[in-house]
Amino acid sequence: MMLGLDYGSIWWDIIDDFSSLSDEKRWLISAFGGIIFSLISNIFFFKSYEFTGIITPFVFKGFTKLNKAQKLEWMNRGFSTFHALFVAIASVYFILFSDLFDENAHEKLIIYRRSTLSETILGMSSGYFLSDMAMIIWTYPTLGGLEYVLHHGLSMFAIMQSLLSGEAEYYIFMVLFTESTTPFVNLRWYFDVAGMKSSKLYVWNGIAMFFGWLAARIVLFGFFFYHMYNHLDQVRQVHIITFYGLLTVPPILAIMNLFWFFKIAKGMIRTLRKKTHTS
């Protein structure tokens, strides 16, 4: 007679054991998990596109004609899209649907609120940024220039500081939501490499990227600074490194977002003018 296993009970025991670990151990496990998942996913994407004739023809028949650098970037952008969707959905959940950061739901100051789930997601995200920045540096400048190194470095510093101090997770998730624009950026690159710059999909993706960037990286940052100003009494209570991190990292990211936004706007206007002229 086969013995039945209570998988639900086993799963909850694992969660309880994980929750009982120290903050540092939870972060290390989560970050390591993010790194491993990133590496496995990158290998999976590469092997699927490079060595099989099953997936590639349905996605992009010209993949085999790409040079080595383009294949590497194709693979890298595939996982960056997955990470962006993952953290964007998590950010929406914690900010809008969970009561973790609801000011009326808890007595604890919003600047100090956190949970095992939120820390796990931030740990996995820091693992992604660490592994992706390592790839950028290793293949420099194939996957991006100094601006990408700066962006990833600042993001990783902010996430790790929040995890180790247990502070400002609300603001970290607001900044992570800006990753929701990454799929549009990656699609633009895919369409470009596939020779589809004259297609309607390329144009509509460009318009979606413009408005998505405006909402997630311009307007949201305005709300970020507004919220922080209204909660300055709480912000002043955090650790000195967290405090100066909040005063420096978001403004630098905001300036970078504005710079990229103007480039996106110019590119969209140029594309629409060409499309109108052709029509």
Since Trp189 meets every condition but one in (1) in contact (Cβ under 8 Å) with a residue 60 or more places away in the chain; (2) buried (at least 19 other Cβ atoms within 10 Å of the Cβ), which condition does it not meet? (2)
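Has segment 114-124 got any residue that is closer than 18 Å to Met228 by Cβ and over 16 Å from the mean Cα position of the chain (by Cα)? Steps first, please.
Taking segment 114-124 as the starting set, the residues that turn out to be closer than 18 Å to Met228 by Cβ are 114.
Now drop any that are not over 16 Å from the mean Cα position of the chain (by Cα), which leaves 114.
Yes; the residues of segment 114-124 include at least one that is closer than 18 Å to Met228 by Cβ and over 16 Å from the mean Cα position of the chain (by Cα).
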Segment 74-97, subset hydroxyl-bearing (Ser, Thr, Tyr) and farther than 14 Å from Met174 by Cα, residue surrounded by the fewest Cβ atoms within 10 Å (Cβ to Cβ): Thr81
Condition first: of a type outside the set (A, V, I, L, M) and surrounded by fewer than 15 Cβ atoms within 10 Å (Cβ to Cβ). Now tell me which residues in segment 229-264 satisfy that. Tyr229, Asn230, Asp233, Arg236, Gln237, His239, Tyr244, Thr248, Pro251, Phe259, Phe262, Lys263
How many of the residues making up segment 245-260 are under 22 Å from Gly206 (Cβ atoms) and either polar (S, T, N, Q) or touching a Phe, Trp or Tyr at 6+ places or on another chain (Cβ under 8 Å) (or both)? 2
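For segment 105-119: of the residues being in a helix (DSSP H, G or I) and either among the aromatic types (Phe, Trp, Tyr) or buried (at least 21 other Cβ atoms within 10 Å of the Cβ) (or both), which is modelled with the lowest pLDDT?
Ser118
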Is it the case that segment 221-238 has a residue that's closer than 30 Å to Thr276 by Cβ and either part of a helix (DSSP H, G or I) or touching a helix residue (DSSP H, G or I) at 6+ places or on another chain (Cβ under 9 Å) (or both)? no
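Scan Leu122, Leu146, Leu130 and give me the residue that is surrounded by fewer than 16 Cβ atoms within 10 Å (Cβ to Cβ) and either under 29 Å from Phe101 (Cα atoms) or of a type in the set (A, V, I, L, M, F, W, C) (or both).
Leu146
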Restricted to segment 83-104 and to residues being outside any helix (DSSP H, G or I) and polar (S, T, N, Q), the residue nearest to the chain's Cα centre (by Cα) is Ser98
Scanning segment 152-169 residue by residue, those touching a helix residue (DSSP H, G or I) at 6+ places or on another chain (Cβ under 6 Å), farther than 18 Å from Ala134 by Cβ and surrounded by fewer than 24 Cβ atoms within 10 Å (Cβ to Cβ) turn out to be Gln161, Ser165
Flagged in segment 89-138 as acidic (Asp, Glu) and farther than 25 Å from Leu150 by Cα, in numbering order, are Asp99, Asp102, Glu103, Glu107
Just to be sure I understand the filter: pairs with C-beta atoms under 6 Å, separated by 6 or more residues or on different chains, first member in segment 231-245 and of a type in the set (A, V, I, L, M, F, W, C), second member surrounded by 14 or more Cβ atoms within 10 Å (Cβ to Cβ) and assigned to a loop (DSSP other than H, G, I, E, B). Which pairs pass? Val238/Glu167
Single residue of Leu154, Leu214, Leu143 found to be assigned to a helix (DSSP H, G or I) and touching a residue at least 60 places away in the same chain (Cβ under 8 Å): Leu154
Looking at Tyr202 and the list (1) without any contact (Cβ under 8 Å) to a residue 60 or more places away in the chain; (2) in a helix (DSSP H, G or I); (3) farther than 27 Å from Glu167 by Cβ, which single condition is not satisfied? (1)
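Give me the residue from segment 133-165 that is among the small types (Gly, Ala, Ser) and under 21 Å from Asn67 (Cα atoms) and, out of that set, farthest from the chain's Cα centre (by Cα). Spell out the reasoning first.
The initial filter retains those residues of segment 133-165 that are among the small types (Gly, Ala, Ser), namely 134, 144-145, 153, 155, 158, 162, 165.
Checking which are under 21 Å from Asn67 (Cα atoms) leaves us with 144-145.
Values: Gly144: 16, Gly145: 18 Å.
Result: Gly145.
The values are calculated or read from the model by the stated rules, or taken from the named source; none is laboratory data. Keep in mind it's a predicted model, so treat the numbers as computed, not measured. With ideal geometry, Cβ positions are generated from the backbone for all residues, glycine too; neighbour counts draw on all protein chains shown.
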